[in-house]
Structures are given as C-alpha cells and as structure tokens.
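This report refers to the structure that appears directly beneath it.
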Amino acid sequence: MGKTAPESRVAFILVDGLGDVGVPALGWRSPVEAAVTPNLDAIASAGVNGLMDPVEPGLACGSDTAHLSLLGYNPRIYYRGRGSFESLGAGLAMVPGDIAFKSNFATVDDQTEVVTSRRADRHFEHAGPIFCASLNGLKLPSFPEYKVSVKYATEHRCGVVVSGPGLSGNISGSDPLKDNRLLLKVKPLDDSKEAAHTAAVVNELSDVMRRILRSHPLNAERQAQGKAIANVVLLRGCGIRIEAPTFLEQHGLRPCMVAPTKIIAGLGLSLGVDILDAPGATGDYRTLLTSKATAIAKALAAPLEPPPNVFVPGEDDSKPGYSDGYDFGFLHIKAIDDCGHDKALQLKVKAFEAVDRMIGQLARLLWQAEKKGLAHFSICVTGDHSTPVEYGDHSYEPVPFTICHLKDFVKAKGGEDVVLATDLTPFNLPVVEITKPVTETVSSFEEQHVESSKAVAGDSVVSFGEIAAARGCLGRFTGSEMMSVIKGYLELP
C-alpha cells in the first residue's frame, strides 16, 4: 500500500509582484536586495535557488495566468478570462453559460468620456459594499431575461456576473487600462452571433451602472468631502468558469490557501483549493501579516486523515485524499505588487522587511509543530511576476525562487533557540513608518547583509534576491516546472 500521509508538507509563500530591476536610488539594487531580510536569506542559505519565468521568458504576464502556470495548469489550455476568478473569490456563484468580469470602481468625466482615474479609491471598504448593493440585481431594459449579480471584492474592485441565454466570453472590455483615456465600448472578438449579442448586453449594462452611480447619494457625499466619485464600473477580463482537474487530482497534495485578494481566492476555488479565513488579512497595504502566518501554520499542522473510498491517481496504490488538514499551504502576499504599481520605492523596501518578519513567525510556528513530530516542513518563496517601481506595471523579468527544509532553516538561523525566540506579536505592514530616506536603507543593507557566510545546505547561495538567485543550482526555469521542483524537493531525505 502507498503511504497514507505525506512525510513532508510545504508552506508556499507567493509574493505578488516580487521581481524588480536595479534602482539607482538603491545603489542599483532591487528593492528586495536592498531590504534587510534575514529570514529570506536564511531560506536561501538553507536550500536551493533559481530564477523563474512564471509563464515563459520575455512575457509580462498577469497574476491569473502566472498562478495557473505555477500551479501546473497551462494557461493556454485552461485560461478563460480573469473575471470568473474575481467574481468567484468575491463570493458570487457561477454556472456554465455565465460570464463574469474583474471590475473597477472608477471616475469618468461625463462630458468627455475620459476615464480620469481607473481606481476611484484604494480605501473603498466602506463605499464599495454600498455601491455594490445598489447595482446588484439591476435590470437591463432591453434585455430583461438577464440576471446581473454584483459583489464587493477588495480595494476599488468588485465582481460582476451576468447570467442568461446565449452569452459568449469572447468580448472585449470597457476598461482603457490607463488613466486619461476614453472609456471603451465593448466589442465582439469573433464573428459569432453570441459574441455580438453579448457585447450589446454588456454595453447596456455599463450604461445602466453609470446611471445608477451618477445619481447615488454616496457620490454626492464623497464629492462634498473632496473625495473622488465612483461614477463608472470598468468591466474587463470577461471570463467563464474554467473546467480543470483539481489541485489534489493534479498533484496528489491537499491544498489550502490564504488569499484575501479575491482574484487569487477565486482561482484557488476553481482548482478545488480550500480558502482559509485569516482575520485582519485584507489583501492590501493594511493587511495583518501575522494572521496569514498563523492560519497557514495551523492548517499544515493539523492531522491528515484519509477518508474512506477517496483516492487520487498518482502512486502505485493510489494516494488517498485527505479530509482533515493539508500538506500544501499557499500564502499569498499582495501588498508588494501594490507598491510596484504605486511606484512606492521606500514602501516596497520596507514591505519586504515586513514580509520577512512574517516568515520568521511562520517558521517558529511550524518548527513548534515539527518538534512534536507532526510532520517535516519545508518553506518555499517566489513571485508570480515582476512589478518594478520604476515602471509601475508588470514586466517580464524573472523572479527569485527558493525552497528549503525547515530543519536546515533552523541551522541557518543559528539554532532552534533563535527560531523559538521569534516574537509572535501581531503586526501590519508599516505603511506609516516610512521615515528613513532611501540612502539609509542602502546603508542598513551594507551593514546587515553578510555575504561572507557559508550556505548551510543545498547550493552556494546565501542571500535572497534576483542576482543571488541566478547563481543557484536550479538555474533559470519556467513556472510550469515549479510544482515538479517542489514535489521533487519534498522527497529528499
């Protein structure tokens, strides 16, 4: 018989927008290279490293296609638009035939039709649900047979689902993708009657939403307070729910995920990944990082019990699925990507240091579980794409990848006394603590990153970053190979 529970479990930390380029103000280092990250450095020193192209070299990919690729699903086969991910993650149900959009509350000049701001407000957790409630269930005068569902997601985003007969996902969106450009009309992307009909339905949907928002009393209140009004919903990424093998079927690993960012949660749900609750984790700058670490550690430390008559092909005797506990814990960090989009250089450096602190907390919690004999844990850290602060958008640079066994991380940190002394006090990203000039950050890097130390295990890399990862034994590989790398590493003694 095959083994009924894995000997190894992995905490997989995905830092959205991790990659960057050398920045002049940081001495031509990237933000993660300039940050003081002793825990990330310890993982690199304790394991194996490489550079990864999330989808393929030279492609500036989105988070959705990148995540599919990293989790072992070819986006050219399985990708059906990001709208379904955002909507599912927001809590909207979808059935075959429905279409969905990843949508922004935004500001448009009603006279010129120019979108002056694609993000009405990042701090939208109060207004967003109110606006969504006014839009949910709206009626389309020319198309009464269609049902419209709207639900708030995070920041300025919402999910939108349209249900009814004869809909096609093969249409464009209304989002111009950059500020100060004209609001777009939705167009069919093929010659089918379904696509042309769907474009007409969605254009009317956009118009009706604008009429509702234009007269909403909350917008008058926001305008009186000097805040940006939200008088349009930008519809993009039209998609249908994907049909794909579950992650358990694909890899034989029981997965869970902490992802307050709704598009990532929705992608996980599409692949049968259980979404964990992490109180205070918001998917933006204010996220409570400690809560994410605690949720993943608790899930990975839970017992794995094989339910009767549930098997997944994979091993000689088939590897059983698990009804309690997990052996692949996915922890998603969004704020780093926001720093890149906002061109917030100092904040991105400090945010990396906050993520590093969270990793230290996660390592302590997992080591306490490993000492009890619950499992052997590993920690893996990588990104889904680059979002350089110099560009303010996704780019095509490869991202660092590192993975180590927890016992080797403990050695790299100087022993279990050091790891167990890690402070578990809950903390948020240090948004209001950005007081040091960039030059001091560089000086701090010079003083605290010790390049002369020796690697504890794996390859010769001793620090985490783009240049260091390029020297790793994994070389440069594509995201489609990542799960094979992880599963192969977990089988090492």
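Quick notes on this structure:
- Of the residues screened, Leu289 is not one that is under 19 Å from Leu68 (Cα atoms) and out of contact with any Cys (no Cβ under 7 Å at 6 or more places or on another chain).
- Condition met for Arg236 (touching a strand residue (DSSP E or B) at 6+ places or on another chain (Cβ under 8 Å), outside any loop (DSSP other than H, G, I, E, B) and either free of Cβ contacts under 8 Å to residues at least 40 places away in the same chain or charged (D, E, K, R) (or both)): yes
- Scope the stretch 105-130; condition surrounded by 16 or more Cβ atoms within 10 Å (Cβ to Cβ), within 15 Å of Asp207 (Cα to Cα) and among the polar types (S, T, N, Q); matching residues: Thr107
- Some residue of the stretch 308-323 being farther than 21 Å from Met482 by Cβ, at pLDDT 80 or above and of a type outside the set (A, V, I, L, M): no
- Take the conditions (1) of a type outside the set (Gly, Ala, Ser); (2) out of contact with any strand residue (DSSP E or B) (no Cβ under 8 Å at 6 or more places or on another chain); (3) not in a loop (DSSP other than H, G, I, E, B); Glu243 misses just one of them, which is (3).
- Residue identified as modelled with pLDDT of 95 or more, assigned by TED's automatic domain parsing to the domain that holds Leu182 and surrounded by fewer than 15 Cβ atoms within 10 Å (Cβ to Cβ) among Ala100, Ala93, Ala133: Ala133
- Meets criteria (at pLDDT 95 or above and surrounded by fewer than 24 Cβ atoms within 10 Å (Cβ to Cβ)) for Lys407: yes
- Residue in the stretch 164-180 that is in contact with a strand residue (DSSP E or B) (Cβ under 6 Å, 6 or more places away or on another chain), surrounded by 14 or more Cβ atoms within 10 Å (Cβ to Cβ) and in a strand (DSSP E or B) present: yes
- Selected residue (only one of Ser215, Ser168, Ser149 is among the hydroxyl-bearing types (Ser, Thr, Tyr) and more than 28 Å from the chain's Cα centre (by Cα)): Ser215
- Here is the figure for the stretch 136-151: residues that are surrounded by 14 or more Cβ atoms within 10 Å (Cβ to Cβ) and polar (S, T, N, Q) total 2.
- Within the stretch 152-163, considering residues that are not in a strand (DSSP E or B) and not hydroxyl-bearing (Ser, Thr, Tyr), the one farthest from the chain's Cα centre (by Cα): His156
The values are calculated or read from the model by the stated rules, or taken from the named source; none is laboratory data. Because the structure is a prediction, the values reported are computed rather than measured. Neighbour counts run over all protein chains shown; Cβ positions are idealised from the backbone, glycine included.
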